[in-house]
Amino acid sequence: MNEVLLIYAVALLLAWPLGRYLAAIYSATPTALDRVFGPVEWLIYRAIGVHPLAPMTWKEYGKALLKLHLIIGLVALMILMQQGWLPLNPDGIEGMRWDLALHTTASFITNTNQQHYSGQAQISYFAHLFAIVSLQVITPAAGMAALVAILRTAFARRDETALTAEGAVSVGNFHADLVRAIVRVMLPVAFITALLLAWQGVPNTLEGARIATPLDASAGLAEQRIPVGPVAPMVAIKQVGTNGGGWYGPNSAVPLENPTPVSNFVETIAIVLIPMALVFMAGYLTGRRRLGVLVMGVMLSLSVLLTGINIWSENQPNAAFADLAAEGPNLEGKEVRFGATATALWGSFTTQTSNGSVNGMHDSFNPVGGASMLMDMFINATFGGVGVGLINFLLFLLLAVFLGSLMVGRSPELYGRALEAREIKLVCIALLLQPLLILGLTALAVAIPGLAGNSNPGFHGLSQVLYEYTSAFANNGSGFEGLGDNTVWWNLSCAVALILGRFIPILAPLAVAAHLAGKRVAPTTSGSLAVETPTFAVLTLGIIVMFALLSFFPVLALGPFAEYLSLAG
Amino acid sequence: MNKRESLAPARPVTPAGSWIQALRGALVLMVLCGVLYPLVTVAIGALLFPDQSTGSLIERDGRVIGSALVGQPFSAPGYFQGRPSAAGYDPFALSGSNQAPSHPDLRERAAASSKAIAAANGVAPAAIPVDLIAASGSGIDPHISPEAAEIQIDRVSSARGLPRDAVAVLVATHLEGPVLGVLGQPRLNVLRLNLALDALGAQVTAR
């Protein structure tokens, strides 16, 4: 339990100064580090051919974001399919089948890192670095850029709205927001994390696998090939950038990817560090500290509640072992060096932040633990993915403003700007797409024979399918991995969920922010709905919980809850 | 030349121009993040931590026996045994069982290993620590709990003809506690423990 408290405390203590630093970066406040990073950024702007101060409308910003993702996606797709003859492939790995390559690309350009492959056996060193690691740095930076554009446009306290030369609302410059985040945050934080992990024993080499001769020949394993590679830089960025896609199939459960309790401590904190820091950043960047406190309060309450449930659940015995072993926590799919509590904590963090890395197998969690992690992903705004988690939260906040205003009989407005039909429609599209797509695809996959590929009979079979689509739409990437998901159906249907689950919740709020910024500000009166209050925080919390429960309670009842009751009975 | 002025002018970008920006942006950033970042990290990391970088390999008599971070299967009664593995301890096939508590096969597998472990070590099923029944997440968990080592001491010492105390001392010296008393669980590295057993056996024979 002390381990859990320590991790929460250290993460928050590190996130606070990082949040201040992020706010300084995005408001282009001069800092001592400009001498180091300024020239690097300048070189990059030159190489791309952009001016970092050029204002962009939300459409230009969104298009620049989409075009960049399309091109890095195409490059990654080609590399994955052609990796067999490309350099840096000491273990002789072949190119990927088209549908698996397509799913992998969709998964990595959306900051999801859902993997229908096993990295150590199916991806070469070159593809790992150039097609995977690069996307693991770029995509969270893009999510962060979108968040900052939304915050500065619709939430920042300022006297006048920034405009483009044509007089339209400017949301900032995409290239500047992206490059600053990569150069000043993602790469330095990942680099430090990578060295900590290399120190603890995560492989960090370009050499190929070594062959070992196991000690006990009578056990039937004549040789053991030890897969290594440039693992440390990848593991660092997969944790820091809420990516989640690891080098080895079972991710950070593998001792080569997460060797010690110390590396586990570092990796667990790295999951939540930037998502937490962005909440602090929001307070500083917008000049509304109380908004930051509200968001942090709601997110932390949800996080502690759902993490607590998960930790309790995994410390219960696994029902399958009743009378077969001494009573103890559920260790099926977990590692001895971490134990049940640290694994449950990781499972909660990784689903709350849409990271998706794991240090134990979620498929083997007890049913209540599994349900708590599904709930984390349904909400997807408890810190959430880098950038997009807070964007999701802002969507819920806008919905709460709308409903709250109607409840007290006022016309809805955010900081004096009217929330009208056009904005609310966009908010609803972004929010409602989630249950429609997840439940629709789950229903299709279980209804059509031969599609589901679930490995577990009974209620848990449904949970496996539900988890996979929830994870795809939430851009999480973890899975109930017993699922036979490397099929054309799974690869393509998940790719659809991945892409829609990434770009609609980025573009719709960006449009809402720009629309809002273009409106006249009405003076605040005593009757206006005050957003930055504890009452409103409770309302927002209530709306988040109700939205998730109303959408998904029936399917939770059919899956994990039914499994729980059948085991208890 | 002023830095700001030397950049592309802040004028409207044509659609074709924005595609070219995207293409150049993609390539520049992919090289920075996918080549420079990892290669610099590998170079510096390998310099600082040469032993860890190549997989924490363990050698004996000039031969690579395994890795401290990769568990191995043991079946001879004179060796401590590790956890069940869904991957047969093959590091290229890494996997957990991915079976839910409600999966009938999980119960079946656990019953079989419970029976085998109880018989081999002369203990009741209710005394078997759960980590010896539960398969690991990675399929190559190198560790077992102190309780799991404890129930194997009798079997190992009698199979090797060693005094029980000698083996018990070896187990005690290989116990790793939580880091700083807080992080992680108490555990023993099975491969290191078994290597120490072999070394101990060699000493006894030499005497």
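To the nearest whole number, what is the average tally of beta carbon atoms from other chains within 10 Å of the beta carbons of peptide A:169-177?
Working: counts 0, 0, 0, 0, 1, 2, 3, 0, 0.
Other-chain Cβ atoms within 10 Å of each residue's Cβ, averaged: 1.
How many nm separate the modelled label positions at A:L406 and A:L432, each set 7 Å beyond the Cα in the direction of the Cβ?
With each label point 7 Å from Cα toward Cβ, the separation is 1.2 nm.
Among the aspartates and glutamates, which fall within straight-line cross-link reach of A:K425, defined as a Cα-Cα distance under 16 Å, with same-chain neighbours fewer than 8 residues apart omitted?
A:E413
Helix A:2-26: angle to the longest alpha-carbon principal axis of chain A, degrees 0 to 90, nearest 10?
Orientation of helix A:2-26: about 40 degrees from the principal axis.
Can you sort A:W199, A:W98, A:W490 so the residue with the fewest Cβ neighbours within 10 Å comes first?
A:W98, A:W199, A:W490
Multiply the residue separation of A:A557 and A:A530 by 0.36 nm, subtract the distance between their alpha-carbon atoms, and state the gained length in nm to one decimal.
6.0 nm
Can you tell me the orientation of helix A:459-473 relative to chain A, as the angle in degrees between its alpha-carbon axis and the longest Cα principal axis, to the nearest 10?
Its long axis makes an angle of about 50 degrees.
Counting only other chains, and only Cβ atoms inside 10 Å, what mean value do you get across the residues of A:134-142?
Numbers: counts 11, 4, 3, 7, 7, 0, 0, 2, 1.
The shielding value for this peptide is 4.
Which of the lysines could a cross-linker span from B:K115 if the Cα-Cα distance has to be under 27 Å and same-chain partners fewer than 8 positions apart are dropped?
List returned: A:K334.
Relative to the longest principal axis of the C-alpha atoms of chain B, give the angle of the C-alpha long axis of helix B:37-48, reported between 0 and 90° and rounded to the nearest 10°.
The answer is roughly 50 degrees.
Within a 10 angstrom radius of each residue's Cβ in A:206-217, how many Cβ atoms of other chains show up on average? Whole number is fine.
6
Scan segment A:466-569 for trypsin sites (Lys or Arg not before Pro) in coil per DSSP, keeping those whose Cβ has at most 13 other Cβ atoms within 10 Å, and list them by number.
The qualifying sites are A:R520.
Can you compute the helix-only [θ] at 222 nm over chain A? Use -39500 (n - 2.57) per DSSP H run of at least 4 residues, normalise by all residues, nearest 500 deg cm²/dmol.
The per-residue figure over chain A is -19500 deg cm²/dmol.
At 0.36 nm per residue, and after removing the present C-alpha to C-alpha distance, how many nm does the segment from A:A443 to A:L305 gain when stretched out fully?
Extra length from A:A443 to A:L305 when fully extended: 46.7 nm.
Fewest first, what order do A:W247, A:W312, A:W85 take by the number of other Cβ atoms within 10 Å?
A:W85, A:W312, A:W247
For A:E327, A:E563, A:E3, A:E160, what ranking results if the residue with the fewest other Cβ atoms within 10 Å of its Cβ goes first?
A:E160, A:E327, A:E3, A:E563
Each reported figure results from applying straightforward, stated rules to the coordinates on display, with no laboratory input. Just so it is clear, the model here is predicted, and its values are computed rather than measured. Here Cβ is always computed from backbone atoms with ideal geometry, including for glycine, and neighbour counts include all displayed protein chains.
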